[in-house]
1. Which members of the stretch A:60-116 meet the condition of being in a loop (DSSP other than H, G, I, E, B), at negative phi and buried (at least 21 other Cβ atoms within 10 Å of the Cβ)?
2. If I go through the stretch A:1-58 residue by residue, how many of them are within 14 Å of another protein chain (Cβ to nearest Cβ), small (Gly, Ala, Ser) and farther than 22 Å from residue A:99 by Cβ?
3. In the stretch B:32-48, is there at least one residue being part of a helix (DSSP H, G or I) and within 25 Å of residue B:111 (Cα to Cα)?
4. For the structure I just gave you, tell me whether residue A:103 is in contact with a Leu (Cβ under 9 Å, 6 or more places away or on another chain) and either in contact (Cβ under 8 Å) with a residue 12 or more places away in the chain or within 14 Å of chain B (Cβ to nearest Cβ) (or both).
5. In this structure, is residue A:54 touching a residue at least 24 places away in the same chain (Cβ under 8 Å), closer than 11 Å to residue A:88 by Cα and among the basic types (Lys, Arg)?
6. Return yes or no: is residue A:133 hydrophobic (A, V, I, L, M, F, W, C), at pLDDT 95 or above and surrounded by 16 or more Cβ atoms within 10 Å (Cβ to Cβ)?
7. Can you find even one residue in the stretch B:125-141 that is within 10 Å of chain A (Cβ to nearest Cβ), without any contact (Cβ under 8 Å) to a residue 24 or more places away in the chain and among the β-branched types (Val, Ile, Thr)?
8. Return the residues of the stretch A:191-231 that are of a type in the set (Lys, Arg) and more than 15 Å from the chain's Cα centre (by Cα); say none if nothing qualifies.
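The values are calculated or read from the model by the stated rules, or taken from the named source; none is laboratory data. If you're wondering where the values come from, they're calculated on a predicted model, not measured in any experiment. Heads up, the Cβs are rebuilt from the backbone with ideal geometry, glycines too, and the neighbour counts pull from every protein chain shown.
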Number of protein chains: 2
Amino acid sequence: MSKILLLSTSSVHGAPYLEYCTPLLEKYYQGIKELLFIPYARPSGLSWEEYTAKCAARFRKMNISVVGAHHIENNPERIKDFGAVFIGGGNTFLLLNDLYKYSMIDVISKSVGSGDLQYMGTSAGSNIGGLTINTTNDMPIIYPPSFTALALVNYNLNPHYIDPDLGSKHMGESRQTRIAEFHSQENNTQAVVGLREGSGLLIQDGKTMLTGGLSARIFEPSKKPYEISPTDDFPKI
Amino acid sequence: MSKILLLSTSSVHGAPYLEYCTPLLEKYYQGIKELLFIPYARPSGLSWEEYTAKCAARFRKMNISVVGAHHIENNPERIKDFGAVFIGGGNTFLLLNDLYKYSMIDVISKSVGSGDLQYMGTSAGSNIGGLTINTTNDMPIIYPPSFTALALVNYNLNPHYIDPDLGSKHMGESRQTRIAEFHSQENNTQAVVGLREGSGLLIQDGKTMLTGGLSARIFEPSKKPYEISPTDDFPKI
């Protein structure tokens, strides 16, 4: 059975990388000794090696060793040698482009689906866990061969979800308006889960739980957006 | 010779649609009696007809009649019957997708280039005046056949440019960081002009002028971003 953790962000303001969710991670990675890290999203243009080193330093505290995906890229089947994969945040378009380029989409999707590979994503890495990347917040710095993503869940994600700033004088659209525009296209029938920073979705034993204490905002086509709290049953969307 | 006006936004906070730039528009549209309006960007999901009506109401004050592009879409060559085209803001992906769908890219690009068609864009409509839409802020609600845009100028635009909010606790990337990520890709060699709300670029008589009184921010690969003021000569980028 699939085991998936989709986090809105890797860091919350004022806390070091992946520290805010330490108890969650320690439980999630019980029994895992080695992790495959996919650094392709390259936040702020970090190199694959630099980004992998940052990840490795964090997981060393949990006695988990980290291998960067760029060390296995000529052989995506090697992903199956790992029990866990973590896809870090950065630019969603670049990430998805490289997952296609290195033929990793199918093997990740199938291995997570069969329960052989536990998945974690942060930010862009969570976004691509959804059906498509049509609801990313990122700048489209590269044209990927498709917007279709890993489809580990049957909805879309909007990480770093932020409520409209009613005091703002800036005329850019609010996140909620953007998601409404997404649903104004009749082919976009999937729901969108807006995950606030600090939140995550933990999917295991056939159940979905909202982590982090905050509520999440659910957008379905032709429905008023609504909130769910961590104690609510996750809706059938 | 080309005559092009690329505005960062159609409205500034607290002012009605296209009112903040009235003197500029009155001068720009001197001698124009009829305008082709392209409503495909559909802000907030407005229909083509609703959006065209909004535009027509504004231009009526200048005694200019407005025809919506959806009334000529089966014959893009009819664009040549007009002396002026205005592409309104909304979603850049949807806009570009429909310009490809209705085969309007080449005819607009060529007619503006030859000086037969004067161009105005606001927001998404300015974005697509650049080489590509790789530096849009919009949500990718639809997958267009390409990110290549009208290329009326030899750089990219970032409308609604906003400076980093140093007080923010939100972990989403600043606009400047996003544009740096764009330039971290070696194929992205073009400069990006960050246009603050209220600003525009007026291109006529072979010259580019920055309108609206504010400075603009220029991003070139491997260079520190810099500001230009409306009294500066526009840089060769």
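1. Within the stretch A:60-116, A:88, A:89, A:91, A:104 meet the criteria.
2. Of the residues in that region, 3 qualify.
3. yes
4. Taking the combined requirement at face value, the residue does not satisfy it.
5. yes
6. Yes.
7. no
8. A:207, A:217, A:223, A:224
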